[in-house]
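Below: one structure, written as structure tokens.
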Amino acid sequence: MKIELTYFQMVLIGVGIGAVLGLVPLILGLVKGKKKLAIIGFFASIAAGAAWSVLALLVMIIFIWLILRKPVQVEVVNKNPIDVALKNSETSPEKSVSGD
């Protein structure tokens with residue numbers, strides 16, 4: 001028994017594999033509250049699966065890492081902000097030229 005697949009059939013199989021693998025970041029992202037990454041990960045997995053089925057697995061792993069990583073903690077150095085007012089040096093009173 002010989003199995004013959006056309007290019008279009010292989011692409012459809014890749015899209016199917018990408019859609020199944022893309023469900024993982026989609027569900028995980030929606031549960032974690034990262035809707036944008038979830039949707040991008042789902043469609044990126046489908047597109048990668050259409051190109052090459054194994055690539056969909058790599059895209060899924062990358063988006064799982066992006067969803068699960070912890071945000072960078074920013075340390076506040078100065079809790080009292082400095083008042084920085086921009087002054088126009090051309091119209092400041094000490095540099096004004098009178099018409100006397």
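Okay, here's what the table says:
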quantity: Anisotropy class of the stretch 1-81 from Cα gyration tensor, a/c 1.5 cut; calculated: prolate
quantity: Sulfur and carbon atoms: percent of accessible area, the stretch 1-85 [1.4 Å]; calculated: 72 percent
quantity: Cross-link table Lys32/Lys79; Lys32/Lys70; Lys35/Lys70; Lys35/Lys79, entries beyond 21 Å C-alpha to C-alpha; calculated: Lys32/Lys79; Lys35/Lys79
quantity: Nitroxide proxy distance, nm - points 7 Å out along Cα→Cβ at Ile27 and Met1; calculated: 3.1 nm
quantity: Point-to-point label distance, Val77-Val11, nm (Cα→Cβ direction, 7 Å offset); calculated: 5.4 nm
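The values are calculated or read from the model by the stated rules, or taken from the named source; none is laboratory data. In this text, all values refer to a predicted model and were calculated from it rather than measured experimentally. Because the Cβ atoms are built from the backbone with ideal geometry, glycine has one as well, and the counts that use them run over all protein chains shown. Please note that ligands, DNA and RNA were not included when accessible areas were found on the heavy atoms of the full protein model with its side chains. Shrake-Rupley method; radii C 1.70, N 1.55, O 1.52, S 1.80 Å.
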